[in-house]
1. Between a residue in the stretch 231-246 that is more than 16 Å from VAL296 (Cα to Cα) and any residue that is open to solvent by 60 Å² or more (accessible area, probe 1.4 Å), which pairs come within a Cβ distance under 6 Å, given they are 6 or more apart or on different chains?
2. Evaluate the following for PRO621: is it under 22 Å from MET426 (Cα atoms) and without any contact (Cβ under 8 Å) to a residue 60 or more places away in the chain?
3. Please enumerate the residues belonging to the stretch 416-427 that are out of contact with any strand residue (DSSP E or B) (no Cβ under 6 Å at 6 or more places or on another chain) and among the acidic types (Asp, Glu).
4. Return yes when ASP42 is buried (at least 24 other Cβ atoms within 10 Å of the Cβ) and among the acidic types (Asp, Glu) and no when it is not.
5. Among the residues of the stretch 625-633, is there at least one that is at pLDDT 70 or above, within 26 Å of ILE551 (Cβ to Cβ) and part of a loop (DSSP other than H, G, I, E, B)?
6. Yes or no: the stretch 14-33 includes at least one residue that is of a type in the set (Ser, Thr, Tyr) and surrounded by fewer than 22 Cβ atoms within 10 Å (Cβ to Cβ).
7. Please determine, by comparing only the residues of the stretch 652-678 that are open to solvent by less than 80 Å² (accessible area, probe 1.4 Å) and assigned to a loop (DSSP other than H, G, I, E, B), which one is modelled with the lowest pLDDT.
8. How many residues are open to solvent by 70 Å² or more (accessible area, probe 1.4 Å), touching a Phe, Trp or Tyr at 6+ places or on another chain (Cβ under 8 Å) and outside any loop (DSSP other than H, G, I, E, B) if we restrict to the stretch 114-146?
Amino acid sequence: MPGPLTGVVVLDLTRMLAGPFATMLLADLGADVIKVEPSDGDPIRNQGPFVVEDEVRAYGGYFQSVNRNKRSIVLDLTSEAGREQLLCLVDGADLLVENYRVGVMERLGLSYETLAARNPRLVYTAVRGFGDPRTGASPYQDWPAFDVVAQAMGGLMGITGPGPGQPTKVGPGVGDIFPGTLAALGAVAALQHARQTGQGQFVDVAMYDGVLALCERIVYQYSYLGVVPEPEGSGHPLFCPFDLIRARDGWVTIAAPWDHQWRLLSELIGRPELALHPDFATNEARVRNAAVVRGVLEDWTTVRTRAEIAQVLGGRVPSGPVNTADSIVTDPHVATRSMLLELEQPGAERTVTVVGSAIKMTGTPLGPHRRAPLLGEHSPEILQAAGGTTEAAPTSPVRTVPRRPSMPPTRLRRSELSTPGSSEKMMAKAASSDADLVFLDLEDAVAPSEKAAARGKIVTALTTLDWGRKSRAVRINNVESEYAYEDIIEVVEGAGEFLDVLIIPKVRTPRDVWFVETLLSQIEAKHRWTRRIGLEVLIEEVEALINVEEIARCSPRLEAIIFGPGDFSASQGVHTSAVGGSDESRYPGDIWHYARNKIVVAARAAGIDPIDGPFAAFGDPDGYRREAIRSATLGFIGKWAIHPSQLAIANDVYSPEQQDVDRARALAKSYEEAEAQGLGAVAVDGDMVDAASIRILRNTIAKADLIGM
């Protein structure tokens, strides 16, 4: 049976939780919600939990829970084609919902005013941390916000906790979910107005405002009494009993604030004399003596189980057990009310369970329900129905980039010099060195206490020093660390287009890359930068080596994969004291051959650069040269240098010989002449040059051109 919003078309440009929850409510009610995503998808696609057997990893429980009943389309709104495709969709839409920060849609040329001029009946709904200036310019309007920020600033944490001075975050993301619910309500109200008048409007919900509305009591208490409410545990400042009470096997809640309820409760617990006692006879008296009331109740509850308490109080006095997930899923109420949905999970043979809709209707019941969409799953059908082009509409459930084998190098990486980001002196020396690429290190080379200051020093170095033709890179901290987020935000926004590459250490799976890629995309869109920052990743864990083929193809930003033998030896349990080298007294041959070879094959197959890692003994130039020759023979195009003395060796080993360059140019010229005559191959001085060999020759020529040979 059609839902009450059947026929309503919603363009969902939201991400994370607040916006997707709002649009999920609309989808549950029957609206056709079209989730518009960039090529790397909503960031929460990569958040777990994942079903153990799921090898697809299209999305986890977080995404599934708030994106059911939607269709997905991939559009690049930073491109002219992507914006035009969105405008085609706007022509037929009733609602548009977004939760970008203030100004993002304007910078994309997709402001409310622009879209409303095209479709006057469009209801445009925004969910932001602190609202939109169109409805009231907050001093915080440019601040980013998450659930915890909204809970704190909106007053919820200020009245939640075990006692005064102990604010506590509420467990679920109410700072997202309640504003999202209000946004859905506002959107439907504005839609009703649009259908009556033909005129759409801008609907705005601030997360701060939503949480404040949820905490309405604190405002009138302060106004009427001049009292600042504080955390009071699980009790209530105006009602008693209205509390969490310990049972023999857990906890229960009991609420009997009205006097007739108190009288009944007193009888049921065997204390009828309390009903008329002056200290307890009225709610006002019980509030004054709340601690005593609690003690009386706990004398009765702590010797009984939750089931025994429910048998006495259930249905007579407002009360109930504190349920956990395992007890909720077996509660007959939940089953009867259809509050659990079984949905298909891509990559898994079994279904998964998510919470259903709390809205029940008799005339237009909700359902059936569909799983959350794969990334771009419905792109062609949506664009075709809208009359727009279906080009560049990816439908793959896994974020991979096309295979780019044997591509010419885009930047020189014969030598990558490691430089501590905390040392202004060493960064200045690195800028004048002979390195092809210098990376300013925020990870291993910088102590935890120095990391914040190092970010500022790096930004200054990148924006003020003369780096010549070098590529400028920064190695951030492990994405699972407390430092990575601020590394990315502060360095990228501070350095801007003076930064060429970010290096991600200790990557384990593509998700680590996607985290960084998503932040970069948001920063670049915010600042309207035209030049994209590249990525390099370090393979330093055995898990990463297992996943290296997927990692190599996970992002179009990815330019290089680096082997990190130091941490890798610890991860694999290799017994060696020579970081980056081989101890042939213990292991004959190259102990790193397997790891190096697998990395080279993955990188070459994906069309990106394989880079060999550091050789720690910088006082052993012969050892460094030996390892460089080994890796170059396997196909690596460059190597890390941890000391300037290693640069000349790396530049020499990974550069083609002049005679090889001259020969490559001559052979390429002969092939081009033969090709012009319609020949598929040509013999030159005893060598056969065909389509396969010309690729190798052209790579050699391209590298020589970059070097200036």
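The values are calculated or read from the model by the stated rules, or taken from the named source; none is laboratory data. If you're wondering where the values come from, they're calculated on a predicted model, not measured in any experiment. Neighbour counts are summed over all protein chains in view; Cβ atoms, including those assigned to glycine, are modelled from backbone coordinates with ideal geometry. The protein model used for the area step is the full one, side chains on, heavy atoms only, and it has no ligands, DNA or RNA in it. Shrake-Rupley method; radii C 1.70, N 1.55, O 1.52, S 1.80 Å.
1. From the stretch 231-246, the pairs are PRO231/GLN166; GLY233/PRO162; HIS236/PHE242.
2. Numbers: under 22 Å from MET426 (Cα atoms): yes; without any contact (Cβ under 8 Å) to a residue 60 or more places away in the chain: yes.
Considered against the rule, which asks whether it is under 22 Å from MET426 (Cα atoms) and without any contact (Cβ under 8 Å) to a residue 60 or more places away in the chain, PRO621 comes out as yes.
3. Our first condition is that a residue be out of contact with any strand residue (DSSP E or B) (no Cβ under 6 Å at 6 or more places or on another chain); within the stretch 416-427, this holds for 422-425.
Once the filter is applied, which keeps residues that are out of contact with any strand residue (DSSP E or B) (no Cβ under 6 Å at 6 or more places or on another chain) and among the acidic types (Asp, Glu), the stretch 416-427 yields only GLU424.
4. Working: buried (at least 24 other Cβ atoms within 10 Å of the Cβ): yes; among the acidic types (Asp, Glu): yes.
Yes: the conditions hold for ASP42.
5. Going through the stretch 625-633, the residues at pLDDT 70 or above turn out to be 625-633.
So of that shortlist, the ones also within 26 Å of ILE551 (Cβ to Cβ) come out as 627-628, 630-633.
Adding the requirement that they be part of a loop (DSSP other than H, G, I, E, B) leaves none.
No, the stretch 625-633 contains no residue that is at pLDDT 70 or above, within 26 Å of ILE551 (Cβ to Cβ) and part of a loop (DSSP other than H, G, I, E, B).
6. Of the stretch 14-33, the ones of a type in the set (Ser, Thr, Tyr) are 14, 23.
Right, trim to surrounded by fewer than 22 Cβ atoms within 10 Å (Cβ to Cβ) and you get none.
No, the stretch 14-33 has no match at all.
7. So the residue we want is GLY678.
8. Result for the stretch 114-146: 0.
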